[in-house]
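The block underneath contains the structure these notes are about, expressed in structure tokens.
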Amino acid sequence: MEIITTSKAPAAIGPYSQAVKAGNLLFCSGQIPLLPETGEMISGTVEEETTRVMENLEFILEAAGTGFDKVVKTTIYLTDMADFPKVNQIYGSYFPTTKPARVTVAVAALPRGAKVEIDAVATI
């Protein structure tokens, strides 16, 4: 097992790692729209939040030597399912050819008031 960290993505805000490599799999912790430089939440639309979340995941994947083309499973957590079409459009732009398995769930709340959180499992 190997812990993956990068300063290009926000530091963990709790007792967890940005990602863990186990064998040829990478397990990326859920990302919310935090700015890597400050650890502060962005304040914006769900589209802006989703873009920041995907950028954070991208940096973590890169730190492990992989990318979105190797993602096999994601989970999207939304505080409002009415946001699903907007989130889906941005999310989909990161997977132009290879589309991972996915679960999308509505939740009562997310850390720091985020509207969206996404985690990922990828191969290395």
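Restricting to the chain, compute how many DSSP beta bridges are antiparallel as a %, nearest 5. Write out the running numbers ahead of the final one.
Numbers: 20 of 26 bridges.
Counting DSSP beta bridges with both partners in the chain, the antiparallel share is about 75 percent.
Applied to segment 110-119, the Karplus parametrisation 6.51 cos²θ - 1.76 cosθ + 1.60 on θ = phi - 60° returns per-residue 3J(HN,Hα) values of 10, x, 6, x, 4, 8, 8, 9, 9, 10 Hz, with x for Gly and Pro.
Note down the relative contact order for the chain as a percent, whole number, built from C-alpha pairs under 8 angstrom at least six residues apart.
32 percent
Between THR97 and ALA11, the simple label model (points 7 Å from Cα in the Cβ direction) yields a spacing of 3.8 nm.
Picking from GLN18, GLN89, GLN31, which is most flexible by a Gaussian network model of the chain using Cα springs under 10 Å? Residue with maximal mean-square fluctuation among GLN18, GLN89, GLN31: GLN89.
Given R₀ = 35 Å, FRET efficiency for THR123-GLU48 by Cβ-Cβ distance, to 0.05? Numbers along the way, then the final one.
On the way: r = 29 Å, r/R0 = 0.84.
Computed FRET efficiency for THR123 and GLU48 comes out at 0.75.
FRET efficiency for the PHE59 to ASP80 pair, using the beta carbon distance and R₀ = 35 Å, is estimated at 0.85. What the Kirkwood sum gives for the chain is a hydrodynamic radius of 14.3 Å, with every pair of different alpha carbons counted.
Charging the Cβ of each Asp and Glu at -1 and of each Lys and Arg at +1, and nothing else, the dipole of segment 2-123 about its Cα centre rounds to 340 debye.
Throughout, read-outs are computed from the coordinates displayed, never taken from laboratory work. In this text, all values refer to a predicted model and were calculated from it rather than measured experimentally. Neighbour counts are summed over all protein chains in view; Cβ atoms, including those assigned to glycine, are modelled from backbone coordinates with ideal geometry.
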